[in-house]
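The next block holds one structure in the form of structure tokens; read it before the comments.
Coordinate-derived values only; no laboratory data. In this text, all values refer to a predicted model and were calculated from it rather than measured experimentally. Neighbour counts are summed over all protein chains in view; Cβ atoms, including those assigned to glycine, are modelled from backbone coordinates with ideal geometry.
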Amino acid sequence: MVEFIILLIAVTVFWFVLEPYYTGKKLPDRFMTKKQVKKNDLTARKDALNDNLKDLELEFQTGMISKDDYSVLHDDYNNRLAHITRELQELDGSGSGGGSIRERIEADVLARRKTEKKIDFSESFINCPECKTEVVGGSNFCPECGFKLK
Amino acid sequence: MFNINAADENESRYMGDIGNIALIAVFTLSLYTIITSVRGINTRRNDLVISAERSVIATFAMVTVSFFALFTLLARSDFHYQYVTQYSNRDLPMFYKMAGLWAGQAGSLLLWLFILSGITAFAVIQYKNRNRELMPYVMAVFGVTTLFFSFVCLFLTNPFRELVTGAAGGIIDFTAQDGQGLNPLLQHPAMVIHPPILFAGYSGFLVPFAFAIAALITGQLDASWIQSTRRWTIFSWLLLSVGILLGAKWAYVELGWGGYWAWDPVENASLMPWLTGTAFLHSVIIQEKRGMLKVWNMTLILLTFILCIFGTFITRSGIISSVHSFAQSSIGPAFSAFLFFLLVTSFSLLFYRFPLLKSENRLDSLLSRESSFLFNNLILLGALFATFWGTIFPVISEWATGTQVTVGAPYFNKVNVPIGLMLMLLTGVGPLFAWRKTSTYSLKRNFLIPFALSIIAGVIMYILGIRKIMPLVSFYLCFFVAITIVQEFMRGTRARHKNWSEPYHRALVNMTMRNTRRYGGYIIHFGIVLLFIGFTGNSYVKDVSGELLPGESLVIGDYEVLLDRINHGSVPLYDYSEVILTVKKDDSIVSRKLAQRRNYKASQQPTTELAIHSTLKEDLYLVFSGMAPDDKAVMNVYLNPLVMWVWIGGFVLTIGTIIAMVPGPKPDRRVSLKKRSEDKEYAEAEAV
């Protein structure tokens with residue numbers, strides 16, 4: 001009985017490990033092209049930058065960083081993001097016309113901002129009518145006094 | 001039920017054979033994994049790589065068979081096997097028979113292999129499609145590690161060795177009547193779960209290590225390997241943290257010397273990878289945010305796994321004698337060779353890839369998050385060096401002079417306490433600095449309240465009688481860090497409450513769950529604060545000893561410990577003497593306690609089962625050390641302040657780490673719908 005169990009386990013293991021050599025089915029691809037590898041890398045970096053932007057927004061909203069620090073970092077992250085987005089589009093062959101419309105528009109906006117000598121963020125801020133605190137443009141409420149801005 | 005009879009005996013022998021055959025299969029499959037992965041890389045053939053993947057999974061299946069074979073032998077009390085005879089006996093409860101699986105060297109290495117192969121199989125299933133280009137290399141590293149451990153289990157310290165004796169006709173095998181029993185010190189619930197959790201922590205670090213090696217070999221040193229292994233690193237760090245704390249808890253409640261951390265070489269062995277792992281978790285954020293410290297991060301993760309192997313080597317080789325080195329063995333040279341191999345290959349690869357690991361940015365200012373993380377890293381590495389040096393110094397001294405010079409707790413405390421305080425300071429100030437540089441405005445805004453409040457708290461503590469400099473600094477820093485954390489939560493909640501019109505409690509939960517890594521990290525820091533509060537209590541430990549007759553008492557602090565009765569008795573596992581104690585505070589009874597002195601029959605080993613009256617303020621730690629010649633009970637009583645906060649801190653740290661591992665929220669459905677409709681509008685506009 002025990003010998004039979006050992007034999008059964010051995011046969012199962014052999015079959016399980018060696019089956020990919022003899023199967024007639026098409027096996028899933030286990031290697032990537034250089035382009036796919038590059039795309040993976042860029043996507044990972046893009047995700048990390050988006051996380052950074054999210055963190056930055058939170059830090060500014062909670063008053064951890066000043067407007068100046070926010071502007072410099074926002075500028076830096078956006079530039080890097082624009083660069084990566086452009087590279088990703090070039091990889092997809094959409095650098096000059098391909099890709100989704102939204103991506104192209106975003107890329108154009110980012111590319112234009114990138115070419116500017118210095119990005120002026122002054123327009124990104126408004127003064128709260130109630131307490132005069134500088135607030136990120138587009139906020140619904142003032143983070144300092146809670147005044148409804150929209 | 002589990003005592004074998006003649007009919008079962010043959011089946012039991014088969015169990016040993018099955019265990020051994022499964023180990024041979026593990027060794028062969030590991031070798032096959034390495035060869036097939038490497039051939040797969042060279043030929044870029046899918047069938048080879050898929051076969052290697054299956055081989056990793058089959059390796060786990062075979063280790064499982066071997067592991068359960070050993071468990072069956074222990075459960076059946078089959079004393080035909082050396083391991084079962086050494087670490088079990090007939091009267092041992094089933095719960096502790098299971099603990100016998102990792103009580104000895106052979107069993108614990110099999111457990112290491114079991115967990116290791118489980119983790120590698122899981123990682124292969126998880127990553128086979130996502131990180132296709134790296135996976136063949138990762139599997140080869142997995143294969144090398146399981147090959148080494150299966151080699152050790154099979155040839156050097158095999159748990160399925162039979163008992164043999166010399167006889168006229170040569171060597172014959174035999175079956176013992178009963179076993180020597182499990183070491184009584186290990187008969188504790190914390191000891192049943194401490195080794196598996198610690199080993200899982202050690203093994204878990206293999207995943208980021210293998211990915212790092214794969215990234216070094218392929219030259220794909222981008223962000224993807226770090227992103228892929230981020231959760232594994234945090235998870236392994238959590239298991240290591242919990243494993244260390246469970247070991248401390250066991251030492252506290254079982255060893256009876258009054259404390260939970262003695263800077264024992266084995267404790268240090270588990271602390272060292274924790275230090276480098278903690279440094280890595282911090283500095284890798286800088287790489288993700290700023291593309292800096294790439295060489296440093298690579299060094300840290302390589303070092304962390306190598307230190308995990310070093311920890312096992314110290315624990316199990318018996319190279320440095322300690323309470324944990326229950327078994328002296330012959331595995332030392334094999335582990336030394338493996339460590340040497342890991343060090344040389346991984347750091348040669350790192351050196352080879354040095355040009356590709358250039359930093360993308362430079363440090364802009366000393367007052368920045370990057371600098372604080374860098375200082376934090378240097379301090380953690382300082383602690384590592386001090387601990388490493390103190391741990392291996394006895395070996396070096398013995399090698400150089402022939403006499404082993406023991407390095408005791410005073411050395412470690414003297415060096416590591418200031419380092420720990422510096423670390424606590426950075427835990428508070430680091431998260432308040434901004435990336436790149438911190439402006440005066442931010443400094444004022446972020447530091448003013450915590451600084452002012454902690455100064456007031458420091459003055460109050462001084463007035464209340466905390467006059468020793470180190471504890472005062474420690475409590476001050478704990479308070480400072482706690483305020484900075486509370487301030488962060490309050491600001492975030494308030495901002496969310498105002499921007500999203502959410503009630504405060506919901507704003508707090510949503511803010512935390514939408515930024516799990518950040519706020520989980522803050523909760524972990526709060527856990528560390530609580531741990532430090534507990535550690536600082538060590539500065540105020542009191543103790544008193546005495547020989548008591550029933551009716552007599554000892555006084556310590558506000559407590560009076562009255563000896564009511566002394567009993568003697570016997571149970572199947574051990575003989576015992578016990579004292580019944582009444583604990584009084586301000587003349588009123590607060591607790592009745594029982595402490596024992598046991599003498600285990602199988603191992604003839606005495607142990608102390610102490611009693612603890614625990615409160616948030618302090619632990620009254622009652623040790624019955626035995627009987628004096630004139631029938632008096634010898635009592636040692638300790639008053640350990642704030643110990644409870646160590647365990648609470650560990651719990652908070654666990655919760656924080658679990659939160660930090662929760663993935664961030666998926667994009668808001670409303671936003672997605674809005675984006676989709678915008679896309680449609682753009683498309684329509686373009687069509688026009």
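Between the stretch B:336-354 and the stretch B:509-559, the C-alpha centres lie 41 angstrom from each other.
With 30 Å as the limit on Cα-Cα distance, the pairs of B:Lys414/B:Lys593; B:Lys584/B:Lys632; A:Lys35/B:Lys437; A:Lys39/B:Lys437 that go past it are B:Lys414/B:Lys593; A:Lys35/B:Lys437; A:Lys39/B:Lys437. The modelled label-to-label distance for the pair B:Arg130/B:Phe95, using points 7 Å beyond Cα in the direction of Cβ, is 3.8 nm.
The mean number of partner chain beta-carbon atoms within 10 angstrom of a residue's beta-carbon across peptide A:30-36 is 5. The residues neighbouring B:Ala251, those whose beta-carbon lies less than 9 Å from its own, together hold a net charge of -2 under the Lys/Arg +1, Asp/Glu -1 convention.
Values of log10 I(q)/I(0) for the stretch B:516-564 across q = 0.29, 0.30, 0.32 Å⁻¹ run -1.01, -1.04, -1.09, by the Debye formula with one identical scatterer at each alpha carbon and no solvent. Counting partner chain Cβ atoms within 10 Å of every residue's Cβ in B:131-141, what's the average? Averaged over the peptide's residues, the number is 2. According to the calculation over all Cα-Cα pairs in the stretch B:476-532, the P(r) per 5 Å bin from zero is 4, 21, 27, 21, 15, 9, 3, 1 %.
Taking every alpha-carbon pair under 8 Å whose residues sit at least 6 apart, chain B reaches a relative contact order of 10 percent. Under a no-solvent Debye model with one identical scatterer per Cα of the stretch B:319-462, what's log10 I(q)/I(0) at q = 0.09, 0.10 Å⁻¹? With no solvent term, the Cα-only Debye profile gives -0.54, -0.64. Taking R0 as 60 Å, what's the FRET efficiency between B:Leu594 and A:Trp15 from their Cβ-Cβ distance, rounded to 0.05? About 0.55, to the nearest 0.05.
Close amide H pairs (under 5 Å, H built 1.01 Å from N) link B:Arg565 with B:Ile580, residues at least 5 positions away or on another chain.
If you average the C-alpha positions of the stretch B:174-226 and of the stretch B:19-84 separately, how far apart do those two centres end up, in angstrom? Between the Cα centre of the stretch B:174-226 and that of the stretch B:19-84, the gap is 16 Å.
Sorting A:Lys38, B:Lys444, A:Lys26 on the 10 Å Cβ count, fewest up front, what's the list?
Values: A:Lys38 17, B:Lys444 10, A:Lys26 7.
Ordered from fewest to most neighbouring Cβ atoms within 10 Å, A:Lys38, B:Lys444, A:Lys26 come out as A:Lys26, B:Lys444, A:Lys38.
From least to most packed, judged by other beta carbons within 10 angstrom and beginning with the fewest, B:Met139, B:Met511, B:Met661 follow the order B:Met661, B:Met511, B:Met139.
Apply the a/c threshold of 1.5 to the C-alpha gyration tensor of chain B and tell me whether it is rounded, prolate or oblate. Display every interim value, and only then the final one.
On the way: a/c = 1.91, a/b = 1.12, b/c = 1.71.
In terms of gyration-tensor shape, oblate.
If a/c stays under 1.5 just call it rounded; otherwise compare a/b with b/c (prolate if a/b is bigger, oblate if not). Do that for the protein assembly as shown, with a ≥ b ≥ c from the square roots of the Cα gyration tensor eigenvalues. Oblate shape, in that a/c is at least 1.5 and b/c is the bigger or equal ratio.
Going through the cross-link list B:Lys97/B:Lys542; A:Lys67/B:Lys289; A:Lys67/B:Lys294; B:Lys97/B:Lys128; A:Lys26/A:Lys46; A:Lys148/B:Lys289, which pairs have a Cα-Cα distance over 27 Å in this structure? Walk me through the intermediate numbers first.
Details: B:Lys97/B:Lys542 38 Å; A:Lys67/B:Lys289 19 Å; A:Lys67/B:Lys294 30 Å; B:Lys97/B:Lys128 38 Å; A:Lys26/A:Lys46 33 Å; A:Lys148/B:Lys289 33 Å.
Checking Cα-Cα distances, B:Lys97/B:Lys542; A:Lys67/B:Lys294; B:Lys97/B:Lys128; A:Lys26/A:Lys46; A:Lys148/B:Lys289 exceed 27 Å.
Cβ crowding within 10 Å ranks B:Phe71, B:Phe27 as B:Phe71, B:Phe27, fewest other Cβ atoms first.
What net charge is computed for the residues neighbouring B:Met661, neighbours being all others with C-beta under 14 Å from the C-beta of B:Met661, Lys and Arg scored +1, Asp and Glu -1?
Numbers: positive: B:Arg230, B:Arg231, B:Arg517, B:Arg518; negative: none.
That works out to +4.
Normalised by residue count, the stretch B:76-158 yields a Cα convex hull volume of 92 Å³ per residue. Taking 0.890 mPa s as the viscosity and 25 °C as the temperature, the Stokes-Einstein diffusion coefficient of the stretch B:227-348 based on its alpha-carbon Kirkwood radius rounds to 155 µm²/s. If you plug the beta carbon distance of B:Glu398 and A:Thr43 into 1/(1 + (r/R0)^6) with R0 = 60 Å, you get a FRET efficiency near 0.65.
Where Rh is the Kirkwood radius over the Cα pairs of the stretch B:1-159, the temperature 20 °C and the viscosity 1.002 mPa s, what D in µm²/s does Stokes-Einstein return? Display every interim value, and only then the final one.
Working: Rh = 16.4 Å.
Stokes-Einstein gives a translational diffusion coefficient of 131 µm²/s.
Output the Kirkwood hydrodynamic radius of the stretch A:1-97, Cα pairs only, in Å rounded to one decimal. Computed over Cα pairs of the stretch A:1-97, the Kirkwood hydrodynamic radius comes out at 18.2 Å. Over chain B, dividing the summed -39,500 (n - 2.57) contributions of all DSSP H runs of at least 4 residues by the number of residues returns a 222 nm mean residue ellipticity of -21500 deg cm²/dmol.
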